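Encoded as structure tokens, the structure appears first; notes follow it.
Please treat every number below as a calculation from the coordinates, not as lab data. It should be emphasised that the depicted structure is a prediction, and the values quoted were computed from it without experimental measurement. Ideal geometry is used to build each Cβ from the backbone, glycine not excepted, and the neighbour counts take in all protein chains shown.
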């Protein structure tokens, strides 16, 4: 896959498959994920779950650090459905999360043949995902000690 880079607000959106990531990029991604999910949200889980190997990693770098990140991957070898996960921003309230999601959705549609994108949303973030057309498709459930719902975005 070709490496995808698009400049947004003086930062480059970078989209790479696992094997295309530099060692520094991978380190910064894992560091950002640990900072948000383990340190800030106190979610104790094994973050390195082998899904990274088959994921498209979309992120913004700022001052050689990951400022926002998500990963996208096919759902259990179903080329019609892509799953998004590990969505994070290190700075809140500045629009970087919106930019990350908007641009990543465009890249995912460009790079895959999916007809639907799904994600497990933390309950507090449902309104954020609804702005991009995601709809809640499940009841609330607890995962890793956090209330979630399943959401989907279907392309016509």
(message) Over 10 Å intervals from 0, what percent of Cα-Cα pairs in the range 71-156 sits in each interval?
(response) 17, 51, 30, 2
(request) Would you mind computing, in nm to one decimal, how far apart the modelled labels at residue 155 and residue 128 are, each placed 7 Å from Cα along Cα→Cβ? (result) 2.3
(request) Return the whole-Å distance between the Cα centroid of the range 29-57 and the Cα centroid of the range 136-156. (result) 19
(request) Can you tell me the FRET efficiency between residue 42 and residue 65 if r is taken as the Cβ-Cβ distance and R0 is 22 Å, rounded to the nearest 0.05? (result) 0.50
(request) Would you please state which residues of the range 123-156 a label at residue 115 would reach in this model, taking the label point 7 Å out along Cα→Cβ and a backbone N cut-off of under 15 Å? (result) 153-156
(message) Modelling each spin label as a point 7 Å along the Cα-to-Cβ direction, I'd like the residue 92/residue 20 distance in nm, to one decimal.
(response) 3.1
(message) Pairwise over distinct Cα atoms, reciprocal of the mean inverse distance: report the Kirkwood radius of the range 4-118 in Å, one decimal place.
(response) 14.3
